[in-house]
Protein chains: 2
Amino acid sequence: MPELRKDPIIDRWVIISTERGRRPSDFINIVEEKKDSFSPFSPGNEDMTTPEIFAIRPTDTPSNTPGWNLRVVPNKYPALRVEGHSNRRGEGIYDMMNGIGAHEVIIETPDKDQNLSDLDIPAIQNVFRVFKERILDLKKDIRLKYVMIFKNHGYVAGATLKHSHSQLIATPIIPKLVLEELEGAKSYYDLKERCIYCDIIRQEMKDNYRVVYDEDYFIAISPFAARSPFETWILPKEHFSHYETIDDNRMRHLSLTFKTVMQKLNVALQNPPYNLVLHKAPMQDNVMKHYHWHIEIMPKLTRFAGFEWGTGFYINPTSPEEAAQFLKEIVI
Amino acid sequence: MPELRKDPIIDRWVIISTERGRRPSDFINIVEEKKDSFSPFSPGNEDMTTPEIFAIRPTDTPSNTPGWNLRVVPNKYPALRVEGHSNRRGEGIYDMMNGIGAHEVIIETPDKDQNLSDLDIPAIQNVFRVFKERILDLKKDIRLKYVMIFKNHGYVAGATLKHSHSQLIATPIIPKLVLEELEGAKSYYDLKERCIYCDIIRQEMKDNYRVVYDEDYFIAISPFAARSPFETWILPKEHFSHYETIDDNRMRHLSLTFKTVMQKLNVALQNPPYNLVLHKAPMQDNVMKHYHWHIEIMPKLTRFAGFEWGTGFYINPTSPEEAAQFLKEIVI
């Protein structure tokens, strides 16, 4: 059973995924990227994944057979397990609990050579719709407090398979960075009675220095204190704390905004590896006036080093204003 | 002038190092490791670095000429600048200040092919002594609140030059992660009237599951909530908040402990890339009963991905107990 452990000093939770148990020899010479052209996610290889939880497929095709447009499967090497109780406990000064939760893979397309941003708008919209559906489904399990949805694109960004996919990890705790955002946004709201993200959007639209793309429902910006070059956030212009409340029309606009932003990044940086994370309010909580869901995209251009992980302090060699200006000028 | 900018939501400071100003094209195809055998840090190339601030060299050799054992030079591409005023200011909801501070490189050996852990004990002790000397010197500049000392070893861990070196960044702010440690340790002290690190050391020595190496003055452990496989901390067994108070005898023991731990890691993981960060109390502050300086070493074996930076939540596939057991059994 994997374990969730809390750092006693800074309250950071870590998954000790013992079932993947790795000996030192497993880490030697793994830096090589696999050049495999075979994909276990391709149609016809459905028996190589765990059985699907959800799929978008013609109604006349049976589960776990070809014909699908998108599949959701449990991760074959899950970091957390659905079964069991959290069993919070202590061991001297340390705190831990069982690693319960869910770890799923969203296979975004049957075509192993297509990237998410290559797909047409309806197909991208399917991906964003599945994010919503999975959150709504996992919300029913009240042991689970948060669903992290993220995408690692490219080997350097941590992807182990090239076939385009996102991942979802549902946890019985709220991750530290999300908690910090919630608390920071709450302090601001208590002081001003306004959502800090709404204020950011207002200021960015007025200043216009850091706007990458702006449409009816969404805005993409280079954040003021970007951690790395060309970091880009996509925010809904209206105030929503929970991603899962998004409607079809807004989902279409989100897909359009995402595709446009990615196309700009792909032109500017020649298809960079990137990480994408969906930030949203904890699913068991009610609507919040102070928190605002958004998507953070971080092209992986610099190697984060000791400095960053040891201090929580980043050096960004490209100013957000320059990055935004550059991306804005790229016509798609 | 570089700028220090604060994320308005979570109060994380970022250096926007505009003088390094990078256009998108500078990031394309940089993933290749340089195979250069030439080192600008080698003796004879002293004119390729900025003039030395400090050196350990025979008294009859002039500055910036060969003959040295160790040199400290300002980083040629500094993230921060010593000159000027911090000039804290706002821009709407955003906060920023000038990027004042110091950014120095400690060239640990004249031999470009030797690693820090290959050096003999007196040479390693010189490196730890220089850390102390530089902190004591930079402390005189009361604009500077913290000195981050870190080492990136190996390309994957972020080193841009192979020649063994550490870096030092002095900042007018206290980095977020350090602040969190200080606050977490303070809360614990307020509750228990004991240092949490001293309690960790006591529990680890009693349990003995996670002890990697134990000697008179120092202990090396796999931390209970390790973020990554084979993460190892070295702590002084006695309570000291400020690294810079270390005496020569303890410095010798620290060098011995460091070399032993690194030799074990090098055997277990075949000379892994790693990051090392010195964690210590802010230099302008008085002795603290609640904080305890220590060194964190993180072999770079897994690629941190979207999940980690997006959530502050880590998955570690090797339990600290297994890692400690493995390292302990390696006889050096």
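Here are a few things to note about the model shown:
- Any hit, segment A:119-129, residues being farther than 29 Å from residue A:270 by Cβ, away from chain B (no Cβ under 14 Å) and crowded, with 16+ Cβ neighbours inside 10 Å: yes
- Contacts under 8 angstrom Cβ, first residue in segment A:139-159 being within 7 Å of chain B (Cβ to nearest Cβ), partner modelled with pLDDT of 95 or more and not in a strand (DSSP E or B), 6 or more apart: A:151/A:116
- Within segment B:167-179, the residues that satisfy the criterion of being in contact (Cβ under 8 Å) with a residue 24 or more places away in the chain and either at the interface with chain A (Cβ under 9 Å from one of its Cβ atoms) or touching a Pro at 6+ places or on another chain (Cβ under 7 Å) (or both) are B:167, B:169, B:171, B:173, B:174, B:175, B:176, B:178.
- Members of segment B:49-61 found to be surrounded by 15 or more Cβ atoms within 10 Å (Cβ to Cβ) and either without any contact (Cβ under 8 Å) to a residue 12 or more places away in the chain or among the basic types (Lys, Arg) (or both), listed by number: B:57
- Flag for residue B:124 being β-branched (Val, Ile, Thr), farther than 18 Å from residue B:74 by Cβ and in a helix (DSSP H, G or I): yes
- Residue in segment A:62-79 that is surrounded by the fewest Cβ atoms within 10 Å (Cβ to Cβ), counting only those that are modelled with pLDDT under 90 and within 20 Å of residue A:131 (Cα to Cα): A:76
This table checks each residue for (1) within 9 Å of chain A (Cβ to nearest Cβ); (2) modelled with pLDDT under 95; (3) outside any loop (DSSP other than H, G, I, E, B).
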| site | (1), (2), (3) |
| --- | --- |
| B:14 | yes, yes, yes |
| B:35 | no, yes, no |
| B:55 | no, no, yes |
| B:105 | no, no, yes |
| B:110 | no, no, no |
| B:117 | no, no, yes |
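- Put simply, of B:245, B:257 the only residue that is crowded, with 21+ Cβ neighbours inside 10 Å and under 26 Å from residue B:169 (Cβ atoms) is B:257.
- Of all residues in segment A:315-332, those that are closer than 30 Å to residue B:175 by Cα and at the interface with another protein chain (Cβ under 9 Å from one of its Cβ atoms) have Cβ atoms under 6 Å from Cβ atoms of residues that are surrounded by fewer than 19 Cβ atoms within 10 Å (Cβ to Cβ) and among the charged types (D, E, K, R), 6 or more apart or on another chain, in A:317/B:20.
- Across segment A:154-183, the number of residues qualifying as under 14 Å from the mean Cα position of the chain (by Cα) and closer than 14 Å to residue A:105 by Cβ comes to 9.
- In segment A:143-163, the residues that are in a strand (DSSP E or B) and hydroxyl-bearing (Ser, Thr, Tyr): A:146
- Hits in segment A:180-194 - residues which are surrounded by 14 or more Cβ atoms within 10 Å (Cβ to Cβ), more than 9 Å from every other protein chain (Cβ to nearest Cβ) and charged (D, E, K, R): A:186, A:194
- Test: residue in segment A:82-92 that is outside any loop (DSSP other than H, G, I, E, B) and surrounded by 14 or more Cβ atoms within 10 Å (Cβ to Cβ): no
- The set of residues in segment B:235-275 that are under 20 Å from residue B:149 (Cβ atoms) and at pLDDT below 95 comprises B:273, B:274, B:275.
The values are calculated or read from the model by the stated rules, or taken from the named source; none is laboratory data. Because the structure is predicted, anything quoted here is derived from the model rather than measured. Note that we place each Cβ from the backbone using ideal geometry, even for glycine, and neighbour counts take in every protein chain shown.
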